[in-house]
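Visitor: I'd like to ask some things about the structure below.
Just so it is clear, none of the values below were taken in a lab; they were calculated from the coordinates. Keep in mind it's a predicted model, so treat the numbers as computed, not measured. All Cβ positions, even for glycine, are placed from backbone atoms using ideal geometry, and neighbour counts span all protein chains on display.
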Amino acid sequence: MKAIVVREFGGPEMLRVSEAPVPTPGAGQVLLRIKAAGVNPVETYIRSGAYARKPELPYTPGTDAAGVIEAVGSGVKRVKPNDRVYTAGTLTGTYAEYALALESQVNPLPGRVSFAQGAGVHVPYFTAYRALDHFARARPGETVLIHGASGGVGIAAVQIARARGLVVIGTAGTDKGLELASREGAHHALNHRAPGYQDEAMKLTGGRGVDVILEMLANVNLGADLKLLAMRGRVVVIGSRGDATISPRDLMARDAAVFGFVLWNIPDDDSSSTHAALFAGLENGTLRPVVGKELPLAEAPQAHKSVMEPGAYGKIVLIP
């Protein structure tokens, strides 16, 4: 089979197509024929060697994919050959034609969801749901500000927040991104490159402030975020590329809180309940992953460049 293999940490050029044997599933394992693999920013950090969790070299990147079950090992009962599934992690990496996974790492993919869309479920939608539900505990009627609302996690958050009855303010950096945020459910869309957009967000709340902020670039925005919060407001830090400077008094004056999390820390019970909630939304059409770009597997280096560029628009997926 063809697979992307990283033999040393470094730039995108380290992502190289190689030939590898098709793995055989053991007890409790499944073999997945990958139809589409999702590309996430965290995979660029891992590839560069800058991430706290480093895989042993050589390795095949990727946690998100969708496809069909090719074979199952002994003891597997939840899935069978030819079932459509999406992954929540694998044993061998998803930038490949096949991947080996634990039975617990694959979840049913509703028929109305394409494989390319399925490759954009795990990291974006689990992250958005966990941020809104497990950390912010967002309630119907509250106002949420979602930074980067045109990216994979941002779109997921907009759809989930709208379905939960929140007032949604989304930001993006291009007209195309603003249109996408509005189309997917944002009540208001603001250009975060425009001077004074924070003032506009405050005006939209009548000066009260927002209850929840989902922050994708905390090193740039966190200080300003705290000044936008309503009383007992919450910021959930989903992404950051450096240090941030804040005034603790902005938190103190509002009885506010800042939460940070990494998706890999999710407990098993939370993972199961999150999948159940997301499956319902995918099945009834409330949740609709948006695919912005499909690239062949060999263009993984370009995918890693694109996923880190400004102007995010949907999910980037690789097609083996």
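Visitor: Can you pull out the helices (runs of 4 or more DSSP H) entirely within the range 146-254 that have at least 3 residues that are farther than 29 Å from Glu43 by Cβ? Break it down stepwise before answering.
Guide: Details: elements: 152-163, 175-183, 197-204, 218-228, 248-252.
Once the helices (runs of 4 or more DSSP H) in the range 146-254 are filtered for at least 3 residues that are farther than 29 Å from Glu43 by Cβ, what remains is 197-204, 218-228, 248-252.
Visitor: Which residue, of Arg234, Arg193, is of a type outside the set (S, T, N, Q) and either touching a His at 6+ places or on another chain (Cβ under 8 Å) or within 18 Å of Pro310 (Cα to Cα) (or both)?
Guide: Of the residues listed, the single one that is of a type outside the set (S, T, N, Q) and either touching a His at 6+ places or on another chain (Cβ under 8 Å) or within 18 Å of Pro310 (Cα to Cα) (or both) is Arg193.
Visitor: Determine the pairs where a residue that is on the phi > 0 side of the Ramachandran plot, located within the range 22-35, has a partner that is among the hydroxyl-bearing types (Ser, Thr, Tyr) and assigned to a loop (DSSP other than H, G, I, E, B) with Cβ atoms under 9 Å apart, the partner being 6 or more residues away or on another chain.
Guide: Listed pairs, sorted by first residue: Gly28/Ser74.
Visitor: On to the next question. Of everything in the range 269-294, what is without any contact (Cβ under 8 Å) to a residue 24 or more places away in the chain and either surrounded by 15 or more Cβ atoms within 10 Å (Cβ to Cβ) or farther than 26 Å from Gly233 by Cβ (or both)? Give them in sequence order.
Guide: Asp269, Ser272, Ala276, Ala280, Asn284
Visitor: Hey, can you tell me all the residues within the range 109-142 that are touching a strand residue (DSSP E or B) at 6+ places or on another chain (Cβ under 6 Å) and surrounded by fewer than 24 Cβ atoms within 10 Å (Cβ to Cβ)?
Guide: Those that are touching a strand residue (DSSP E or B) at 6+ places or on another chain (Cβ under 6 Å) and surrounded by fewer than 24 Cβ atoms within 10 Å (Cβ to Cβ): Phe115, Ala116, Phe135, Ala136, Ala138, Glu142.
Visitor: Within the range 105-145, how many residues are hydrophobic (A, V, I, L, M, F, W, C) and in a loop (DSSP other than H, G, I, E, B)? Write out each step before concluding.
Guide: Residues of the range 105-145 that are hydrophobic (A, V, I, L, M, F, W, C), as a first pass: 106, 109, 113, 115-116, 119, 121, 123, 126, 128, 131-132, 135-136, 138, 144-145.
Filter once more, keeping what is in a loop (DSSP other than H, G, I, E, B): 109, 113, 119, 121, 136, 138.
Of the residues in that region, 6 qualify.
Visitor: Something else now. Hey, any hits in the range 45-62 for a residue that's more than 23 Å from Ala128 (Cβ to Cβ) and in a strand (DSSP E or B)?
Guide: Of the residues in the range 45-62, the ones more than 23 Å from Ala128 (Cβ to Cβ) are 47-50, 54-60.
Next, only the ones that are in a strand (DSSP E or B) stay: 59.
Checked the range 45-62: at least one residue is more than 23 Å from Ala128 (Cβ to Cβ) and in a strand (DSSP E or B).
Visitor: From the list Gly185, Gly239, Gly177, which residue is within 17 Å of the chain's Cα centre (by Cα), within 24 Å of Lys293 (Cα to Cα) and surrounded by fewer than 23 Cβ atoms within 10 Å (Cβ to Cβ)?
Guide: On the way: Gly185 fails: within 17 Å of the chain's Cα centre (by Cα); Gly177 fails: surrounded by fewer than 23 Cβ atoms within 10 Å (Cβ to Cβ).
Within the list Gly185, Gly239, Gly177, the selection yields Gly239.
Visitor: Check Glu299 against each of (1) under 17 Å from Ile155 (Cα atoms); (2) in a helix (DSSP H, G or I); (3) touching a strand residue (DSSP E or B) at 6+ places or on another chain (Cβ under 8 Å); (4) not polar (S, T, N, Q) and name the one condition it does not meet.
Guide: All conditions are met except number (1).
Visitor: Select from the range 90-108 the residues that are of a type outside the set (A, V, I, L, M) and farther than 24 Å from Leu287 by Cβ and write down the one among them that is surrounded by the most Cβ atoms within 10 Å (Cβ to Cβ). Lay out the reasoning, then the answer.
Guide: From the range 90-108, those of a type outside the set (A, V, I, L, M) are 90, 92-95, 97-98, 103-105, 107-108; that's our starting set.
If we keep only those that are farther than 24 Å from Leu287 by Cβ as well, we get 92-93, 95, 97-98.
Numbers: Thr92: 18, Gly93: 24, Tyr95: 28, Glu97: 17, Tyr98: 22.
Step by step, filter the range 90-108, then rank; the result is Tyr95.
Visitor: Looking only at residues that are closer than 20 Å to Thr143 by Cβ and loosely packed, with under 14 Cβ neighbours inside 10 Å in the range 242-265, which one is nearest to the chain's Cα centre (by Cα)? Quick ask: steps written out before the conclusion?
Guide: First, pick out the residues of the range 242-265 that are closer than 20 Å to Thr143 by Cβ: 250-251, 253-259.
Okay, now just the ones that are also loosely packed, with under 14 Cβ neighbours inside 10 Å, so 253, 255.
Values: Ala253: 32, Asp255: 29 Å.
Ranking the candidates gives Asp255 first.
Visitor: Report, by residue number, each residue of the range 32-44 that is part of a strand (DSSP E or B) and surrounded by fewer than 22 Cβ atoms within 10 Å (Cβ to Cβ).
Guide: Kept after step one, since they are part of a strand (DSSP E or B), are these residues of the range 32-44: 32-39.
Correct list: Arg33, Lys35.
Visitor: Restricting attention to the range 55-67, which residues are exposed (fewer than 13 other Cβ atoms within 10 Å of the Cβ) and charged (D, E, K, R)?
Guide: Glu56
Visitor: Have a look at Leu145, Leu222, Leu204 and point out the one that is out of contact with any Gly (no Cβ under 6 Å at 6 or more places or on another chain) and crowded, with 24+ Cβ neighbours inside 10 Å. Can you show your working first?
Guide: Working: Leu222 fails: crowded, with 24+ Cβ neighbours inside 10 Å; Leu204 fails: crowded, with 24+ Cβ neighbours inside 10 Å.
Result of the check over Leu145, Leu222, Leu204: Leu145.
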